[in-house]
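First up is the structure itself, then whatever we jot down about it.
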Amino acid sequence: MKRSNLRLSVCSFVLLLATVPVSIFAQQAQAVKLTLKDALTHTLNHKSEALKARLDEESSVYKIDEVKSRALPQLNGSGNINYNPILQLSAVPGELAGQPGTTLLIPFGQKWSSSAAISLSQTIFDQSVFTGLKAAKTTREYFQLLSQATDEQLIEQVASSYYQVLVSKQKLEVIDSTLATTKRVKDVIEGQYNNGLARKIDLDRTRVNISNLEAQRRQIINQIQLQENTLKFLMGMDQTTAIEIPAEVMNDIHPQLSVAPELPDVKNLSGYQLLKKQETLLGLQKEAAKAEYYPSLSLSGNYGYQGLGNKFPLTNGKSSGVNWFDYASVGLSLRIPIFNGFATRSRIRQADVEIRKVQEDLKNTEQSLQLGFYNAQTQLTNSIITLNNQKENVALAEEVFANTRNNYNQGLAPLTDLLDAENSLTTAQNNYSSALLEYRLAEIQLIKAQGKLKSLLN
């Protein structure tokens, strides 16, 4: 009796341990439902490129503070203590000590010396400081634009990858539907064959068709896995996280030929604005080089306290032979550049060449952005036409397949016609899915050309 109870307890314990991991894995396997907005939001909050761009933006604030410090007072303190075990001897004529014709070696100084001092300096005029402040502010604006451009690039990549996954899943649904239909046809033919009403070749053909569809299905499943892994990487999401993309997103696509507006002002786009800000920075670099021609003026002040004696000065005073005294100084320092071998002129000319190069880049970028808009507009228009044609083609293929299946069931059409109609329907549905993807990608490119990629977050 005791043994049976013991066995029951052990079995219960083992079953309990066995069910715990199952529940844990069940929780881990629960997929995260992911809309496009969710995917983009996660990307901007977790992807390293977006986070680094924000860190650069934050760092630019500290660079401004660093440049500002050059215009603020500079205060420094110092202190030292020295012991001279052997004092340096100085030669003096013996006449000074009533010993004409001799040279006396007399030590000068004290065994111990100690001092503490504080110094203050203030820049009154330095053109390079003022130019540096302007450059620091412009640098911050540059990194803000760079952060915005990085966000837009990530949005474009994630949105494109998101729709690739979505379209592949739609193709999988098409294959699953076709496979289910083909298996039903196979079951019917197999029943007819067993009753002597169908040929073996017809049954073999349906089996081959099922095998081909299953092979296609495995390929698409593998493709979806790879695409999901890529999407999670672009989002900055852990690869172990399961995701689920709602299929109803594709049903929200209602293409219209009027969605392409007129050419936007490309000078307001981030790519152009970045180059303009770079041009401004190079202009300030040129001004900084010119500032080397300007004189600079600064104010300085020092105050110190010193002790000298043959005993340790920090614990002894005048009564022990240690003398303490203070000293101070105030001054103005003027620096006037006169000639440095044309180094400043060379730096100015180098900066001027860089400015002209950026100006050429601006012209090319403006033309490139215009080209991108018109190409995206043309591609979107063509994608809409193709999408509408494929939609009509799917409807026609469905009608042909339905009629052919009905004729086959009534013995009016051979199996070959039914399989051909089925393959045509599958091809039409896949072509429609591909057209949907092409439309979405073209739409993303047009939104990018308009500078409105962040509208996908709404």
Protection-proxy order for peptides 187-196, 116-125, 162-171, each taking the mean of Cβ atoms within 10 Å per residue, highest first
162-171, 116-125, 187-196
Rounded to the nearest 5, the percent of antiparallel DSSP beta bridges in the chain equals 95 percent
Helical contribution to [θ] at 222 nm, DSSP H n ≥ 4, -39,500 (n - 2.57), averaged over the chain, rounded to 500:
-23000 deg cm²/dmol
Over the C-alpha atoms of the chain, what are the Rg and the largest Cα-to-Cα span, Dmax, in Å?
41.8, 150
Options Ala71, Pro246, Ala117, ranked by Cα towards positive dipole end of the chain, top entry (Cβ charges):
Ala117
Residue-normalised accessible area of the chain, given per residue in Å² at a 1.4 Å probe
61 Å²
With a 1.4 angstrom probe the carbon and sulfur portion of accessible area for the chain, in percent, totals 54 percent
Checking understanding here: applying a Kyte-Doolittle mean of at least 0.0 and a length along the axis of at least 27 Å (C-alpha), which whole DSSP H helices in the chain pass?
2-28
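The values are calculated or read from the model by the stated rules, or taken from the named source; none is laboratory data. The structure presented is a predicted model; accordingly, all values stated were derived computationally and were not measured. All Cβ positions, even for glycine, are placed from backbone atoms using ideal geometry, and neighbour counts span all protein chains on display. Ligands, DNA and RNA are excluded from the accessible area calculation, which covers all protein heavy atoms including side chains. Shrake-Rupley method; radii C 1.70, N 1.55, O 1.52, S 1.80 Å.
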